[in-house]
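S.K.: Take a look at the following structure, please.
Bear in mind these aren't lab numbers, they're just calculated from the coordinates by the rules spelled out. Bear in mind that the values here come from a model prediction, so they are computed numbers and not experimental data. Cβ sites come from the backbone with ideal geometry, for glycine too, and all protein chains shown count toward neighbours.
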Amino acid sequence: MTTPRSEPAASTAHGAMQSADIDVRLVEVAHFDHQVTGVSVTEDGRIFVNFPRWTEDTEVSVAELLPDGSLRPYPDAHWNSWRNAKKNALSPDDRWVCVQSVVADGRGSLWVIDPAAPAAAFLVQGGPKLVRIDLANDSIAQTIAFDEQVAREGSYLNDVRLGSDGRYAYITDSGTRGALVVVDIESGRARRVLDGHPSTQLEKDVVVKHHGREIRRTDGRGVEFSSDGIALSPDGETLYWQAVTGRTLYRIATRVLQDESLSEDEVADAVQRVGENGVADGLWIDPQGRMYISALEDDAIRVRDGERVEMFLQDERLRWPDTFSQGPDGTMYVTASRIMDSIWHDPDAPPRLSTTLFRFTPDDASAARPH
């Protein structure tokens with residue numbers, strides 16, 4: 001299911017392009033036989049990835065990438081035993097239905113977001129959930145199920161960030177009606193906020209393109225994803241997000257999201273427009289406060305430092321850069337999910353789409369930036 005790749009030898013000068021389309025700073029870590037979206041690296045260097053059920057009934061949803069390049073179904077075979085073809089015979093509350101994101105919290109746990117919407121379509125009742133796995137013993141420590149008030153029909157819970165104090169989780173809903181979901185981890189209580197607010201919706205004047213060519217489904221529909229990319233400031237006090245079908249980055253103080261006494265209008269009034277990132281999927285903020293942006297229209301990664309947004313790395317292999325994670329040594333990882341190459345947008349594509357995990361060194365972003 002996966003092929004390990006050795007690091008390429010390169011005598012090219014730092015930051016130089018090996019060719020017009022390949023950047024030597026981008027190193028292939030693993031190549032998968034299925035469509036990957038999420039990646040997360042733990043505080044001790046373990047790597048986890050996930051494969052959503054979008055265009056195939058994949059046999060592994062969440063896996064640990066082992067040092068030899070093989071994939072270990074995680075946390076075990078049972079949790080990976082769901083199949084679309086057997087959905088009426090299998091319980092969805094204790095199996096991965098359609099996992100979108102995996103995130104290590106740096107405190108010994110891996111969190112898994114399962115929107116339970118195969119093909120990003122209809123929800124499997126009883127399937128939407130946020131699950132915490134204890135990395136010390138590879139066992140399920142907590143399952144927070146989302147009812148229809150949180151995971152409504154048409155929703156697609158996308159990505160999650162965990163507060164620095166471990167008390168709250170923040171999730172984007174990139175479905176037909178965008179929103180944020182705030183989860184009180186101790187009680188398991190979850191609630192939608194900014195539901196239908198302009199900041200969480202797709203921008204209707206945006207048409208997502210790839211190198212200038214519109215990305216459309218075979219029926220003419222374009223890319224239509226609401227609030228998706230999400231990032232938390234290093235101090236945990238500010239949450240950022242944006243729609244894929246959009247250009248604009250927004251933020252809000254996490255204390256506002258945590259305050260259940262505030263009205264919807266009061267929460268909405270606390271939203272701030274940061275600026276334009278351009279069309280993007282994944283977001284990540286490093287300890288220095290730099291935001292990495294998956295510039296999917298250009299096979300690229302941009303970096304926001306304050307108000308400045310600049311191109312950092314561009315490589316033809318980065319077809320739809322999707323999710324970022326940062327390892328304990330500072331190395332950045334990014335998946336290329338190739339969404340524009342899937343059968344959704346290319347009728348000649350196979351249901352099973354091969355994809356890749358890459359890594360790069362974030363220090364290059366600082367070195368390349370003018371001072």
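S.K.: Counting only helical runs of four or more DSSP H residues, what would the 222 nm mean residue ellipticity of the chain come to if each run contributes -39,500 (n - 2.57) and the total is spread over all its residues?
M.R.: -1000 deg cm²/dmol
S.K.: Can you return the lysines within cross-link range of K87? Criterion is Cα-Cα under 22 Å, with same-chain partners fewer than 8 residues away left out.
M.R.: Output for K87: K129.
S.K.: Per residue of region 131-141, what does 6.51 cos²θ - 1.76 cosθ + 1.60 with θ = phi - 60° give for ³J(HN,Hα)? Whole Hz please, x for Gly and Pro, Karplus curve as stated.
M.R.: 10, 9, 10, 6, 6, 5, 10, 6, 10, 5, 9
S.K.: Quick one: what are the phi-derived ³J(HN,Hα) couplings along region 121-126, Karplus 6.51/-1.76/1.60 with θ = phi - 60°, whole Hz, x for glycine and proline?
M.R.: The phi angles translate into 10, 6, 6, 8, 4, x Hz.
S.K.: In sequence order, what are the phi-derived ³J(HN,Hα) couplings for region 170-184 according to the Karplus relation 6.51 cos²θ - 1.76 cosθ + 1.60 with θ = phi - 60°, rounded to whole Hz, with x for glycine and proline?
M.R.: Karplus-based 3J(HN,Hα) across region 170-184 equals 10, 10, 8, 10, 9, x, 5, 10, x, 6, 10, 10, 10, 10, 7 Hz.
S.K.: With N set to the number of residues, divide the alpha-carbon radius of gyration of the chain by 2.2 N^0.38 Å and report two decimals.
M.R.: Computed over Cα atoms of the chain, the ratio equals 0.92.
S.K.: Could you tell me which GluC sites (Glu not before Pro) in region 232-270 are loop residues by DSSP with no more than 15 other beta carbons within 10 angstrom of their beta carbon?
M.R.: Of the GluC sites (Glu not before Pro), the ones in loops of region 232-270 whose Cβ has at most 15 other Cβ atoms within 10 Å are E237, E260.
S.K.: While we're on this one: Give me, ordered by chain and number, the residues 5 or more places off L353 or on other chains with an amide H under 5 Å from its own placed amide H.
M.R.: Q35
S.K.: Please list, in chain and number order, the residues 5+ apart from S101 or on another chain whose amide H is under 5 Å from its amide H, with Hs placed from the backbone.
M.R.: Here I113 satisfy the definition.
S.K.: Here's another thing I want to ask about it. Where nothing but the Cβ of Lys and Arg (+1) and of Asp and Glu (-1) is charged, how large is the charge dipole of region 35-368 around its Cα centre, in debye to the nearest 20?
M.R.: That gives region 35-368 a dipole magnitude of about 620 debye.
S.K.: With all pairs of different alpha carbon atoms counted, what Kirkwood hydrodynamic radius in Å does region 130-271 show?
M.R.: 16.1 Å
S.K.: If amide hydrogens are placed 1.01 Å from N in the peptide plane, which non-local residues have theirs closer than 5 Å to the one on D228?
M.R.: When sequence neighbours closer than 5 places are left aside, the close amide H contacts are Q242, A243, V244.
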